[in-house]
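K.L.:
Mind having a look at this structure? Questions to follow.
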Amino acid sequence: ATSTRAADETGYDLKGLPAGYYLIKDRDNTVSGEGDFYTKYIVRVVKSATITVKGEGVTVDKTVNDTINGTFTDYEDASTNATLYYKWVGSLPNNLASYDTYNYKFVDTMSKGLKFVRFESVYVENANGSVAHVFLDMNDELTTNDTLPAGIVVTGTEAADGTQDNQVFSLEFVDLFASYPTILANQKVVVKYSTIVTRDAVLATSMVNKVELQYSNNPNGEGTGKTVSDVAHAFTFEIDIDKYDAANQQIKLEGVEFVLYYQDATTDDTVVKHYALVITEEMVAAGESINGRVVTADDVGTVYGFTTDREQASVLDTDANGRIDLVGLDAGIYYLEETKTNDGYNLLDTPVQIEIKPTYTITGDECAVTVEYEVDGRSQGASNTVGVRNSKGSTLPSTGGIGTTIFYVIGGVLVLAAIVLLITKKRMSAEN
C-alpha cells in the first residue's frame, strides 16, 4: 500500500489495499497541540479509501459587555460596583459522534478587581446562532431553568471575591451527551456569567479574565486535551480635581463642595441626572460596609454607585491641598457641579464638563489603553487632573439670568424716556 498527502491536506490517500479489515490509529503520544484530539480507530477498509486523520480543533472564545444581551467584545470599561457580563463560547470536535461519553470543562482565571456574582445562562447554540437547548437562564421569567441540572458541576466560585489575583473557578459537563444527548459537532456551548467591579480594581490597567477548555480528546479511551486560552479585558478610570484661586494657582481652596453626575435622556427626551455615590472619610469613621466589606481610608474617593435622587448624592469637598481624587469611573461624560465655595469667592454658575475618552489596542492577549481627557470641550491629553478656579469679587450677570432681564427692563425704560423727551422738545420748538 502507498499513501500520499499534499502539504495543504489533512488526510492520507491509501492505495493498493486489497479488500479486508485493517486497524488504523494515531500513533501513541503524538497528540500534543492545544485544541487537538485523537481520531476513532478505523477497522474496515474496502478497496481504496481516503482517511482524514485529524479534524478541526476545539476552541474557546471569551468576550465581555456591560449588558447581558449587548454586543460582546474583547474589552469593556465600567465604574466601581457596576456589573460586567462575560461570555464563553466553546466549539466541539468534528468527530464528536465517535465518543461514547464526552467531558467538557471551562476553567476560568479571573484577576483582582472582579467579583463573581452568578452564572446567568448556559445553552447550546446552533451554527446559525439560534438556541438549540437551554440548561440555565436566570433572566427568563417564563422558564423554570433557574438551576443548573445534574451533570453540570461548578467549583471555585465562592472564592472569586475580587480581592485576590488569579482566582480560578470552573463549570464542567461531566458527560455532555448525558446532559444533551442530541448535541451535534457543529453546535457550540455558550456560558454567560456576571461579575461586579470591586474597589480592588487597578486604575487604567486591564483586569484580565482568561478561560481555557479541557475536553475529552480520545474516543478510543481515556485522554484530556486543552485549548489555547482566550482573554477579555476590563478597565476603570480616575479624575483628580484641583481647586485654586483664579488669580494665583498656588493658592489652593479647601472645603469647596461639589457633586458629580452623568446624565442621559429617556424615551420622552427627559434628561435624567445620575449622581455619584463616593466613599468619604465620614463613612470610614462610621465603619460602614459596601458589599460586605468595611471601607478603609484607602477607599476614600472611590465611586461605588449612582443615584437619581439628588438628596442622596455624595457631597465632595476639597482637602487642604484643594484636591478631590475620584477613582473607579466608567468612560464617558461627567459634570462637576460646585455647590458651595469659600467666603469671598464666586460660586461657579455652570458645571464643569469632563469627558474620559479611552482608545484600546489589542495585540494578541494584551490590551493597551490610551486615555484622553477633555474639559469643557478642550483636550488636555493624558492628564486626568481637572483644574477648577474660583474668582473673588463681583461678577457680571450670567447670560440669560435674571441680571440680564433687569438690564433689558432698565434699558427699555431709558429708551422710552429718551423718545418721550425728544417728542416733548420738538413740540416745544414748534410752539415757539
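The values are calculated or read from the model by the stated rules, or taken from the named source; none is laboratory data. Because the structure is predicted, anything quoted here is derived from the model rather than measured. For neighbour counting, all protein chains shown are included, and Cβ atoms are generated from backbone atoms with ideal geometry for every residue, glycine included. These accessible areas exclude ligands, DNA and RNA; they are computed on the full protein's heavy atoms, side chains included. Shrake-Rupley method; radii C 1.70, N 1.55, O 1.52, S 1.80 Å.
K.L.:
Once you have a ≥ b ≥ c as the square roots of the Cα gyration tensor eigenvalues for segment 252-363, tell me rounded if a/c is under 1.5, and otherwise prolate or oblate according to whether a/b is larger than b/c.
P.N.:
Numbers: a/c = 1.40, a/b = 1.08, b/c = 1.30.
Verdict is rounded for segment 252-363.
K.L.:
Find the Rg to Rh ratio for segment 191-342, where Rh is the Kirkwood radius over alpha-carbon pairs and Rg uses the same atoms.
P.N.:
Numbers: Rg = 21.8 Å, Rh = 18.8 Å.
Rounded to two decimals, Rg/Rh equals 1.16.
K.L.:
Debye sum, Cα scatterers, segment 204-251, no solvent: what log₁₀ I/I(0) at q = 0.13, 0.20, 0.28, 0.31 1/Å?
P.N.:
Taking Cα atoms of segment 204-251 as identical point scatterers yields -0.60, -0.79, -0.99, -1.06.
K.L.:
Further, regarding this structure: Using a basic spin-label model with each label point 7 Å from the Cα along Cα→Cβ, how many nm lie between ILE251 and SER289?
P.N.:
About 4.7 nm, to one decimal.
K.L.:
Next question. With the other protein chains left in place, how much accessible area per residue, in square angstrom, belongs to segment 77-120 at a 1.4 angstrom probe?
P.N.:
Values: 1340 Å² over 44 residues.
Accessible surface, normalised per residue, equals 30 Å².
K.L.:
Here is a further query. With label points built 7 Å along Cα→Cβ from the Cα atoms of ALA132 and GLN312, find their separation and express it in nm.
P.N.:
Distance between label points: 4.5 nm.
K.L.:
I've got another one for you. Are there chymotrypsin sites (Phe, Trp or Tyr not before Pro) in segment 297-356 that DSSP puts in a loop and that have at most 10 other Cβ atoms within 10 Å, and which ones? Walk me through the numbers before you get to the answer.
P.N.:
Numbers: sites: TYR304, PHE306, TYR334, TYR335, TYR345; in loops: none.
Nothing satisfies the criteria.
K.L.:
Considering only DSSP states other than H, G, I, E and B, which GluC sites (Glu not before Pro) in segment 188-274 qualify as loop sites with at most 15 other Cβ atoms within 10 Å?
P.N.:
Values: sites: GLU212, GLU222, GLU238, GLU254, GLU257; in loops: GLU222, GLU254.
When the GluC sites (Glu not before Pro) of segment 188-274 are filtered for loop state and at most 15 Cβ neighbours within 10 Å, GLU222, GLU254 remain.
K.L.:
With each pseudo-label sitting 7 Å past Cα toward Cβ, what's the ASP268-ASP319 distance in nm, one decimal?
P.N.:
Output for this residue pair reads 4.5 nm.
K.L.:
Taking a probe of 1.4 Å, how large is the accessible area per residue of segment 147-302, in Å²?
P.N.:
Working: 7010 Å² over 156 residues.
On a per-residue basis, segment 147-302 sits at 45 Å².
K.L.:
List the GluC sites (Glu not before Pro) within segment 55-162 that fall in a DSSP loop (any state other than H, G, I, E or B) and whose Cβ has at most 10 other Cβ atoms within 10 Å. Don't jump to the answer; show the numbers that get you there.
P.N.:
Details: sites: GLU56, GLU76, GLU120, GLU125, GLU141, GLU158; in loops: GLU56, GLU141.
Of the GluC sites (Glu not before Pro), the ones in loops of segment 55-162 whose Cβ has at most 10 other Cβ atoms within 10 Å are GLU141.
K.L.:
Got a sec? Which residues in segment 331-363 would a label at SER391 touch, if it sits 7 Å along Cα→Cβ and we count backbone N under 20 Å?
P.N.:
Backbone N within reach: 336-353.
K.L.:
On to the next question. How much length, in nm to one decimal, is gained on full extension between THR67 and ASP298, taken as 0.36 nm per residue of separation minus their Cα-Cα distance? Don't jump to the answer; show the numbers that get you there.
P.N.:
Working: separation 231, 0.36 × 231 = 83.16 nm, distance 2.96 nm.
Residue separation times 0.36 nm, minus the Cα-Cα distance, leaves 80.2 nm.
K.L.:
While we're looking at this one, here's another question. With all protein chains present, how much of the accessible area of segment 309-367 (probe radius 1.4 Å) comes from carbon and sulfur, to the nearest whole percent?
P.N.:
Numbers: 1310 of 3090 Å².
Of the solvent-accessible surface of segment 309-367, carbon and sulfur hold 42 percent.
K.L.:
Continuing with this model, one more query. Any idea what the relative contact order of segment 326-382 is, in percent, if you count C-alpha pairs under 8 Å spaced at least 6 apart? Kindly include the intermediate steps, with their values, before the conclusion.
P.N.:
Numbers: 82 pairs, mean separation 15.2, N = 57.
It rounds to 27 percent for segment 326-382.
K.L.:
Looking at this model, which pairs from LYS87/LYS226; LYS112/LYS273; LYS87/LYS115; LYS243/LYS357; LYS112/LYS252 are more than 25 angstrom apart at the alpha-carbon? Intermediate values should be presented prior to the final figure.
P.N.:
Values: LYS87/LYS226 18 Å; LYS112/LYS273 31 Å; LYS87/LYS115 15 Å; LYS243/LYS357 23 Å; LYS112/LYS252 36 Å.
Pairs exceeding the cut-off: LYS112/LYS273; LYS112/LYS252.
K.L.:
Would you kindly find the accessible area of ASP175, with a 1.4 Å probe and non-protein molecules such as ligands, DNA and RNA excluded, rounding to the nearest 10 Å²?
P.N.:
Approximately 30 Å² for this residue.
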